[in-house]
Amino acid sequence: MRILGIDYGDARVGVAVSDPMGFTAQGVKTLNNKVFDKMMQSLKEIIDEYNPEKIIVGLPKNMDGSIGFRGEITKDFCEKLSGITTAQIILLDERLTTVTADRYLSATNTRGKDRKKVVDTVAACIILQDYLDSNK
């Protein structure tokens, strides 16, 4: 049983996948989101490859727990995502995930263009790992 993790953003979409036993999250790739339909086609290819039972999507919430503009955009993305998969789609609070990903990349001395390429994938790994850890 595989589970996919997604960090959805306007410019980039980070994707992670669990190991078959559901213990750890590994980064798959960061998709460019400048052309939405092209990104969705690439995402469908990943979904077809891993055939996940569940897809965990990070839901950006405001610090007070409310759902703002970014959260609504993410919910809209999930509706479109449900059109290309039969996997259960689960929204998971992702407050401070990107901050955690940035700290991790700083600790590993990842800078510049390399950082921009992987920060969203690292965030997707964190989102997915949070889900895996909370469901053991």
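How many of the residues making up region 26-48 are among the polar types (S, T, N, Q), more than 19 Å from Ile89 (Cβ to Cβ) and over 15 Å from the mean Cα position of the chain (by Cα)? So the answer is 0. Of everything in region 86-136 that's aliphatic (A, V, I, L, M) and assigned to a loop (DSSP other than H, G, I, E, B), which residue is modelled with the highest pLDDT? Across region 86-136, the extreme among qualifying residues is Ala87. Selection over region 53-88 of residues that are open to solvent by 50 Å² or more (accessible area, probe 1.4 Å) and among the aliphatic types (A, V, I, L, M) gives a count of 2. With the condition kept exactly as written, say whether any residue in region 8-25 is hydroxyl-bearing (Ser, Thr, Tyr), assigned to a loop (DSSP other than H, G, I, E, B), more than 13 Å from the chain's Cα centre (by Cα) and closer than 23 Å to Leu132 by Cβ. Yes - at least one qualifying residue is present in region 8-25. Beta carbons closer than 7 Å, at least 6 apart along the sequence or on distinct chains, pair a first residue in region 32-59 that is over 13 Å from Leu128 (Cβ atoms) with a second that is charged (D, E, K, R) and part of a helix (DSSP H, G or I) for Met40/Lys80.
The values are calculated or read from the model by the stated rules, or taken from the named source; none is laboratory data. Note that this is a predicted model, so its numbers are computed, not measured. Reconstructed Cβ throughout: ideal geometry from the backbone, glycine too, with neighbour counts over all protein chains shown. Please note that ligands, DNA and RNA were not included when accessible areas were found on the heavy atoms of the full protein model with its side chains. Shrake-Rupley method; radii C 1.70, N 1.55, O 1.52, S 1.80 Å.
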